[in-house]
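The values are calculated or read from the model by the stated rules, or taken from the named source; none is laboratory data. Bear in mind the structure is a predicted one, so any value in this text is a computation, not a measurement. All Cβ positions, even for glycine, are placed from backbone atoms using ideal geometry, and neighbour counts span all protein chains on display.
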Amino acid sequence: MRAAHHLLPTALAVAVTAVAGTLTAAVGAAPAHAAACSGYVGLTFDDGPSGDHTPALLNALQQNGLRATMFNEGQFAAAYPAQVRAEVNAGMWIGNHSYTHPHPTQLSQAQIDAEIARTQQAIAAAGGGTPQLFRPPYGETNATVQAVAAKYGLKQIIWDVDSQDWNGASTDAIVQAVSRLTAGQIVLMHEWPANTLAAVPRIARTLAGKGLCAGRISPQTGRAVAP
Ligand SMILES: [Zn+2]
């Protein structure tokens, strides 16, 4: 039912020109998802889950045919396990974003280990599976952080584009940030800003207009790939 959102404008124009009388049938029959994706980008939403924001965000993503990687904090996965399951059920992927959102480079190795290990456990216990991706809070990292992440089989994921949604970016600015993505790249967003939620339908249209689709992030390469 979301097929029209994924048709390339050029493909639609051809259809209108060639078979104007049967456009409705043509759109309904087109395998639009496969045909429209010339590349994939990684949409990421940090700092959840929550009872206040996760349901609306998941609804918006699903309504607009988007899948994303949710970098959950362990403390919130433990507090809102039903929202972790809701993320999985909505087709999202779940990554580790530490347990308490500390500045990782200010911690001892043992403290980093505890932050990562407890989050792996909390997400798995909630039904979110065992994450393979780790985003350090604030994007702050060093060799110790990376080594501990690797110990747990986690690929560190930063971002190519920062939407600045955490910093009060407008909905226009968030959409504009997503429009800068090229195939394989990853954008930083958060689950809590109202402007981010408002941007979701326009993010879907912007990506569709560029022939890009929302993909998963490969734990092998750290790049966005086909789901
Ligand atoms: Zn964060």
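Condition check for F76 on (1) part of a helix (DSSP H, G or I); (2) surrounded by fewer than 24 Cβ atoms within 10 Å (Cβ to Cβ): one failure, at (2). Of everything in the range 163-188 that is touching a helix residue (DSSP H, G or I) at 6+ places or on another chain (Cβ under 7 Å) and not polar (S, T, N, Q), the residue that is nearest to the ligand (Cβ to nearest atom) is D165. Give me the residue from the range 149-168 that is of a type outside the set (A, V, I, L, M, F, W, C) and part of a loop (DSSP other than H, G, I, E, B) and, out of that set, surrounded by the most Cβ atoms within 10 Å (Cβ to Cβ). Residue satisfying both the conditions and the ranking: S163. Screening the range 124-141 for residues that are outside any helix (DSSP H, G or I) and surrounded by fewer than 23 Cβ atoms within 10 Å (Cβ to Cβ) and picking the one that is farthest from the ligand (Cβ to nearest atom) gives G127. The condition of being closer than 14 Å to T196 by Cβ, among the small types (G, A, S) and in a helix (DSSP H, G or I) holds for only one of A60, A86, A110, A82, that being A60. Against the test of being at pLDDT 95 or above, farther than 26 Å from K155 by Cα and not β-branched (V, I, T), the options P9, P55 yield a single qualifying residue, P55.
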